[in-house]
């Protein structure tokens with residue numbers, strides 16, 4: 001039995017639920033709204049770029065910009081918050097307790113994503129707990145007014161995707177042989193230099209995975225902005241959902257989705273290139289060992 | 001000569017377990033010392049305390065006269081070759097070797113020169129740009145050695161560095177390590193549980209048991225004049241015969257009223273003490289006729305074992321105990337299994353020790 005036989009289920013799943021739908025979305029994006037209801041969701045007799053011209057509106061780019069900012073900032077904050085957590089669990093928690101800590105990270109996921117996000121409405125409400133506490137402590141002079149704004153969306157995104165960031169970093173850190181840390185210290189590097197020269201480079205694949213995963217999920221999210229963002233905290237996902245679900249304009253929604261995919265890919269490629277250049281520069285700065 | 005590394009009444013406890021129990025040790029500058037013992041004897045803990053990875057609960061560690069007991073590893077003039085080599089997987093061989101020099105801020109030109117020299121020293125120059133996962137175990141071992149030695153430490157700590165290598169390569173590395181050590185004049189502290197390795201390489205060996213140094217001495221001294229039955233049994237192979245000392249003489253009354261004569265009794269052996277008499281297999285001779293010596297036993301050859309240049313005879317004694325005898329194969333002649341023989345040995349090769357329960361190598365009743 002050839003080895004690739006085992007890959008069939010995954011391949012089939014991937015093809016039916018990912019490649020083919022993607023192909024349809026791309027095809028739809030070149031179609032137009034059907035004139036008669038009987039003609040199906042999208043008219044494909046005449047294919048054109050009309051939807052893309054329409055999507056290239058000022059509003060799309062403004063929302064796209066906000067989306068990138070929210071997802072980007074969210075990803076960075078998730079990394080800043082998540083790395084120390086992953087580090088602490090992997091490096092300072094004894095082995096037999098580690099799986100319990102990881103389990104605690106995942107426990108919230110047992111509750112519905114929607115419910116957890118809705119719960120934030122209660123916490124963040126102007127008359128809510130957080131607002132009361134901040135006022136009574138004296139940090140705020142008036143009720144907290146971040147619900148249904150971009151700030152609430154930002155918060156919701158960080159909250160929801162933090163574990164997605166922590167887990168791959170944790171896995172990478174956990175796999176680091178502690179004797180490497182000892183070897184580094186033995187060779188004269190203090191804790192900070194050891195962290196920068198040994199721990200970080202070895203954790204980089206996990207960190208990179210966490211960054212990409214979190215960024216993609218956050219950029220495509222539309223549940224959090226829908227629930228916490230109101231009309232002010234709009235993201236591209238909402239725009240696409242509105243076109244498809246509310247306006248019944250599947251071709252325009254598809255064009256926006258395709259543009260989102262393309263732009264996201266572009267952002268990731270640029271980020272990757274920047275990272276590689278930075279690494280190259282750092283290597284040049286250090287000089288060859290021989 | 002001055003002591004390079006000095007341990008003074010050092011102890012380390014892990015909960016109720018005493019890993020190192022009041023050990024004092026002075027290691028001469030430029031010497032090759034092995035810490036030898038079974039696992040859990042505390043030898044690696046001692047090494048980690050010298051390296052700075054473990055803080056002793058009591059006592060003082062000095063390197064070159066300076067108290068370093070509480071000093072961090074990166075502030076000590078010692079380097080370590082780790083058991084699993086601990087090479088940085090994200091750096092190639094040359095970068096691994098350069099790592100320590102980089103931390104010290106050695107200028108680029110000198111750094112390159114020293115890295116090249118270190119790689120050349122371990123004959124790994126042509127593997128300089130290989131990553132650790134592209135190197136064999138023996139090659140990784142050499143890189144680890146170069147990485148530690150390139151910093152020219154006054155003391156090199158080696159934590160069972162040859163454990164993962166196959167026998168042939170291990171013997172080759174033993175010779176190379178020994179040569180390197182005498183060339184460089186660096187103090188080597190070598191941890192091993194392999195007594196052959198320790199005998200082959202060391203100027204002196206500290207035999208450890210239960211967190212204590214049982215005996216410290218040159219290899220030949222430990223082999224010929226072990227202080228306790230444990231050392232006698234741990235270094236080389238040993239036949240032990242239980243019995244009682246006759247008064248405070250060098251005579252021993254063994255099972256079946258056999259009388260044996262020794263030339264040496266362990267220090268502190270009391271009158272009429274319960275003793276173990278020890279004789280090495282190579283000193284047990286075989287004869288067809290009853291020999292005219294006091295130390296003799298009638299035995300049956302239960303098995304013969306070919307050891308290459310030597311032959312080992314497993315002898316069954318009347319009481320059910322076993323006795324080992326070894327001789328050069330040329331001299332072994334025709335002694336078939338099942339043959340009745342006389343086993344005998346000289347008093348010079350027989351030592352008396354206070355009785356103790358030893359786990360292995362003791363003739364089973």
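Pick out, from region A:198-290, the helices (runs of 4 or more DSSP H) lying fully within it that include 3 or more residues that are more than 17 Å from the chain's Cα centre (by Cα) and within 14 Å of chain B (Cβ to nearest Cβ).
On the way: elements: A:200-220, A:223-228, A:236-241, A:250-286.
Answer list for region A:198-290: A:200-220, A:250-286.
Quick one: which strands (runs of 3 or more DSSP E) lie wholly within region B:173-264 and hold at least 3 residues that are at negative phi and in contact with a helix residue (DSSP H, G or I) (Cβ under 9 Å, 6 or more places away or on another chain)? Full working, then the answer.
On the way: elements: B:187-192, B:204-209, B:212-217, B:239-245, B:251-254, B:259-261.
Qualifying strands (runs of 3 or more DSSP E): B:187-192, B:204-209, B:212-217, B:239-245.
For residue A:21, are the conditions met, namely being farther than 21 Å from residue A:220 by Cβ and surrounded by fewer than 12 Cβ atoms within 10 Å (Cβ to Cβ)? Write out each step before concluding.
Values: farther than 21 Å from residue A:220 by Cβ: no; surrounded by fewer than 12 Cβ atoms within 10 Å (Cβ to Cβ): yes.
No.
Which condition from (1) part of a helix (DSSP H, G or I); (2) over 17 Å from the mean Cα position of the chain (by Cα) is the one that residue A:157 breaks?
Only one criterion is unmet by residue A:157, namely (2).
Do you know which residues across region B:119-142 are within 10 Å of chain A (Cβ to nearest Cβ), buried (at least 18 other Cβ atoms within 10 Å of the Cβ) and within 26 Å of residue B:190 (Cα to Cα)?
So in region B:119-142, the residues within 10 Å of chain A (Cβ to nearest Cβ) come out as B:119, B:125, B:128-129.
This time we only want the ones that are buried (at least 18 other Cβ atoms within 10 Å of the Cβ), so: B:119, B:128.
Result: B:119, single match.
With the checklist (1) on the phi > 0 side of the Ramachandran plot; (2) surrounded by fewer than 24 Cβ atoms within 10 Å (Cβ to Cβ) in hand, flag the one item residue B:42 doesn't pass.
(2)
List pairs: first in region B:259-273 and free of Cβ contacts under 8 Å to residues at least 60 places away in the same chain, second outside any strand (DSSP E or B) and surrounded by 18 or more Cβ atoms within 10 Å (Cβ to Cβ), Cβ under 8 Å, 6+ apart or cross-chain?
Every condition considered, the pairs that remain are B:267/B:227.
Give the residue, chosen from B:145, B:157, B:162, that is surrounded by 23 or more Cβ atoms within 10 Å (Cβ to Cβ), touching a strand residue (DSSP E or B) at 6+ places or on another chain (Cβ under 6 Å) and more than 10 Å from every other protein chain (Cβ to nearest Cβ). Lay out the reasoning, then the answer.
Working: B:157 fails: more than 10 Å from every other protein chain (Cβ to nearest Cβ); B:162 fails: touching a strand residue (DSSP E or B) at 6+ places or on another chain (Cβ under 6 Å).
Just a single option satisfies the conditions, and that option is B:145.
Check whether at least one residue in region A:170-177 is surrounded by 23 or more Cβ atoms within 10 Å (Cβ to Cβ), out of contact with any strand residue (DSSP E or B) (no Cβ under 7 Å at 6 or more places or on another chain) and away from chain B (no Cβ under 11 Å), and report yes or no.
First, the residues of region A:170-177 that are surrounded by 23 or more Cβ atoms within 10 Å (Cβ to Cβ): A:170.
From what is left, the residues that are out of contact with any strand residue (DSSP E or B) (no Cβ under 7 Å at 6 or more places or on another chain) are A:170.
Checking which are away from chain B (no Cβ under 11 Å) leaves us with A:170.
Yes, because at least one residue in region A:170-177 is surrounded by 23 or more Cβ atoms within 10 Å (Cβ to Cβ), out of contact with any strand residue (DSSP E or B) (no Cβ under 7 Å at 6 or more places or on another chain) and away from chain B (no Cβ under 11 Å).
Hey, can you tell me all the residues within region A:25-73 that are more than 16 Å from residue A:260 (Cβ to Cβ), under 28 Å from the mean Cα position of the chain (by Cα) and loosely packed, with under 13 Cβ neighbours inside 10 Å?
Across region A:25-73, the qualifying residues are A:53, A:58.
Mind listing whichever residues of region B:75-118 are touching a residue at least 40 places away in the same chain (Cβ under 8 Å), more than 9 Å from every other protein chain (Cβ to nearest Cβ) and part of a loop (DSSP other than H, G, I, E, B)?
Across region B:75-118, the qualifying residue is only B:77.
Looking at region B:54-74, which of the residues that are free of Cβ contacts under 8 Å to residues at least 24 places away in the same chain and facing chain A (nearest Cβ under 8 Å) is nearest to residue B:138 (Cα to Cα)?
If we take residues in region B:54-74 being free of Cβ contacts under 8 Å to residues at least 24 places away in the same chain and facing chain A (nearest Cβ under 8 Å), then B:73 is nearest to residue B:138 (Cα to Cα).
Every number here is computed from the coordinates shown, using simple stated rules; none is lab data. Because the structure is a prediction, the values reported are computed rather than measured. We place every Cβ from the backbone using ideal geometry, glycine too, and count neighbours over all the protein chains shown.
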